[in-house]
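Participant: Here it is: the structure, laid out below.
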Amino acid sequence: MKLATLKRGGRDGTLVVVNRALTHCRPVPAIARTLQAALDDWEALEPQLRQVYEALNSGAFTDPEPFDPAACHSPLPRAYQWADGSAYVNHVELVRRARGAELPPEFWTDPLMYQGGSDSFVGPRDPVWALDEAWGIDLEAEVAVITGDVKMGATPTEAGKAIRLLMLVNDVSLRNLIPGELAKGFGFFQSKPASAFSPVAVTPDELGDDWRDGRVHRPLTVHLNGQLFGQPDAGTDMVFNFPQLVAHVTKTREMEAGSIIGSGTVSNKQGGLHGSSIANGGVGYCCLAEVRMYETIESGKPQTSFLKFGDTVRIDMFDRAGASIFGAIDQRVERYPS
């Protein structure tokens, strides 16, 4: 099943069921006005939403509404919780190697995670807003899950059963603000602006066999300014799967329905820079910081710049038949109007 939120009907938008081909949708106010309302009563409402989904796919409705990703907000325009992990330890290792630091062994057994701002997300076709290019604007292409209620101390098996939906995310980072914040010893804040999620959130069954062992086994495709930049496989080199990430959150707290947990930047372990880029036969990257890390390791300094105003970012994932699963995040970097 595929669900989206249109930018109408108030701050939290209007929930629509979207057909598998992402061509038509149908509002479902009699079932749930918003996605959060559906998640709050998922066991009762999911079967009703699925009936609408099946009817859309079979052509039973005579008046389906055309589906326009540009009219979408993120599936949850705001959420009770947004916590982002760093499940691809290769990415973390590269970051540390670039600054000459060793990777602590516990990073392979205990996931990193930060709590991001969830009071306001941006739509999948909205700009990446910033006030200053000098902040080091970077994309981070990831996969994320939305959960139901999860008890404190949940096991990974229990946590996995609470995963309701999957999405893509562009978790924007302001790289040049990060060192100063981390030096204070209190974590990210100003360096992590609002994230954007894919137009559509899907139930795990939509991925068929490509959803297994708590991971999405499909390439995550990233284009920068119209050029293919990365297509690493999201299931490869994911050290901590989503049930483990959700269980990590619940070590000391409960999770409420509508919580979002991110995978961290998708990253596959590769050889040197020239074997890793798309141009040289590699799978490329899901963030600019990673290619800059390779450049620093190999030549002593980065050569690739961060995003500039006017640059475009497109993030998508395709099924085995070549059809988009979630719809694309397609954003332009723009100066925030003063």
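The values are calculated or read from the model by the stated rules, or taken from the named source; none is laboratory data. For clarity, every value in this text was computed on a predicted model and none was experimentally measured. Positions of Cβ are backbone-derived with ideal geometry, glycine not excepted, and every protein chain shown enters the neighbour counts. The protein model used for the area step is the full one, side chains on, heavy atoms only, and it has no ligands, DNA or RNA in it. Shrake-Rupley method; radii C 1.70, N 1.55, O 1.52, S 1.80 Å.
Participant: Would you check which residues across region 164-217 are open to solvent by 40 Å² or more (accessible area, probe 1.4 Å), in a loop (DSSP other than H, G, I, E, B) and charged (D, E, K, R) and list them?
Facilitator: Within region 164-217, Lys184, Asp213 meet the criteria.
Participant: If you check Val246 against the conditions, is it part of a helix (DSSP H, G or I) and of a type in the set (A, V, I, L, M, F, W, C)?
Facilitator: On the way: part of a helix (DSSP H, G or I): yes; of a type in the set (A, V, I, L, M, F, W, C): yes.
Against the criterion (part of a helix (DSSP H, G or I) and of a type in the set (A, V, I, L, M, F, W, C)), Val246 qualifies.
Participant: Looking only at region 291-304, decide whether some residue is within 27 Å of Gly208 (Cα to Cα) and either within 22 Å of the chain's Cα centre (by Cα) or in a loop (DSSP other than H, G, I, E, B) (or both).
Facilitator: No.
Participant: Could you run through region 27-60 and say how many residues are of a type outside the set (Gly, Ala, Ser), assigned to a loop (DSSP other than H, G, I, E, B) and open to solvent by less than 30 Å² (accessible area, probe 1.4 Å)?
Facilitator: 2
Participant: In the set Phe240, Phe229, which member is touching a His at 6+ places or on another chain (Cβ under 8 Å), in a strand (DSSP E or B) and crowded, with 19+ Cβ neighbours inside 10 Å?
Facilitator: Working: Phe240 fails: in a strand (DSSP E or B).
Step by step, each of Phe240, Phe229 is checked, and only Phe229 is touching a His at 6+ places or on another chain (Cβ under 8 Å), in a strand (DSSP E or B) and crowded, with 19+ Cβ neighbours inside 10 Å.
Participant: Testing Ile261 on (1) in a strand (DSSP E or B); (2) farther than 22 Å from Val150 by Cβ, one condition comes back false. Which one is that?
Facilitator: Unmet for Ile261, out of (1) in a strand (DSSP E or B); (2) farther than 22 Å from Val150 by Cβ: (2).
Participant: Related question: Within region 140-161, is even one residue under 21 Å from Ala79 (Cα atoms), within 14 Å of the chain's Cα centre (by Cα) and not in a strand (DSSP E or B)?
Facilitator: Yes.
Residue by residue, here is whether (1) of a type in the set (Gly, Ala, Ser); (2) in contact with a Lys or Arg (Cβ under 8 Å, 6 or more places away or on another chain) holds:
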| site | (1), (2) |
| --- | --- |
| Lys2 | no, yes |
| Thr5 | no, no |
| Thr14 | no, yes |
| His24 | no, no |
| Ala30 | yes, no |
| Trp42 | no, yes |
| Gln48 | no, no |
| Gln51 | no, no |
| Pro75 | no, no |
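Participant: Considering only region 113-127, how many residues are part of a loop (DSSP other than H, G, I, E, B), under 16 Å from the mean Cα position of the chain (by Cα) and over 16 Å from Ala141 (Cα atoms)?
Facilitator: 3
Participant: So, in region 243-268, exactly how many residues are hydroxyl-bearing (Ser, Thr, Tyr) and either surrounded by fewer than 22 Cβ atoms within 10 Å (Cβ to Cβ) or in contact with a helix residue (DSSP H, G or I) (Cβ under 6 Å, 6 or more places away or on another chain) (or both)?
Facilitator: Of the residues in that region, 4 qualify.
Participant: Something else: Which residues, counting only those in region 1-49, are basic (Lys, Arg) and within 20 Å of the chain's Cα centre (by Cα)?
Facilitator: Here is the first cut: in region 1-49, the residues basic (Lys, Arg) are 2, 7-8, 11, 20, 26, 33.
Scanning region 1-49 gives Lys2, Lys7, Arg20.
Participant: Follow-up question, since we're still on this one. Take the residues in region 73-111 that are assigned to a loop (DSSP other than H, G, I, E, B) and of a type in the set (Lys, Arg); name whichever of them is most open to solvent (accessible area, probe 1.4 Å). Steps first, please.
Facilitator: Our first condition is that a residue be assigned to a loop (DSSP other than H, G, I, E, B); within region 73-111, this holds for 74-80, 86-88, 99-104, 109-111.
Then drop every residue that is not of a type in the set (Lys, Arg), which leaves 78, 99.
On the way: Arg78: 96, Arg99: 150 Å².
The qualifying residue most open to solvent (accessible area, probe 1.4 Å) is Arg99.
Participant: I'd like to verify a number: residues in region 319-338 that are in contact with a Leu (Cβ under 9 Å, 6 or more places away or on another chain) and surrounded by fewer than 19 Cβ atoms within 10 Å (Cβ to Cβ), how many?
Facilitator: Of all residues in region 319-338, those in contact with a Leu (Cβ under 9 Å, 6 or more places away or on another chain) come to 319, 323-329, 331, 333, 335-336, 338.
Still in the list and also surrounded by fewer than 19 Cβ atoms within 10 Å (Cβ to Cβ): 319, 323-324, 335-336, 338.
Counting residues in region 319-338 that are in contact with a Leu (Cβ under 9 Å, 6 or more places away or on another chain) and surrounded by fewer than 19 Cβ atoms within 10 Å (Cβ to Cβ) gives 6.
Participant: I'd like the full set of residues that are open to solvent by less than 30 Å² (accessible area, probe 1.4 Å), within 16 Å of Leu220 (Cα to Cα) and out of contact with any strand residue (DSSP E or B) (no Cβ under 6 Å at 6 or more places or on another chain), limited to region 278-318.
Facilitator: Gly282, Glu290
Participant: Considering only residues that are at pLDDT 95 or above and either open to solvent by 60 Å² or more (accessible area, probe 1.4 Å) or in a helix (DSSP H, G or I) (or both), look in region 61-72 and name the one that is nearest to Phe240 (Cα to Cα). Break it down into steps so the answer makes sense when it comes.
Facilitator: Here is the first cut: in region 61-72, the ones at pLDDT 95 or above are 65-72.
Imposing the further condition that a residue be either open to solvent by 60 Å² or more (accessible area, probe 1.4 Å) or in a helix (DSSP H, G or I) (or both) reduces the set to 66, 68-71.
Details: Pro66: 38, Asp68: 34, Pro69: 31, Ala70: 33, Ala71: 34 Å.
Among those residues, the one meeting the criterion is Pro69.
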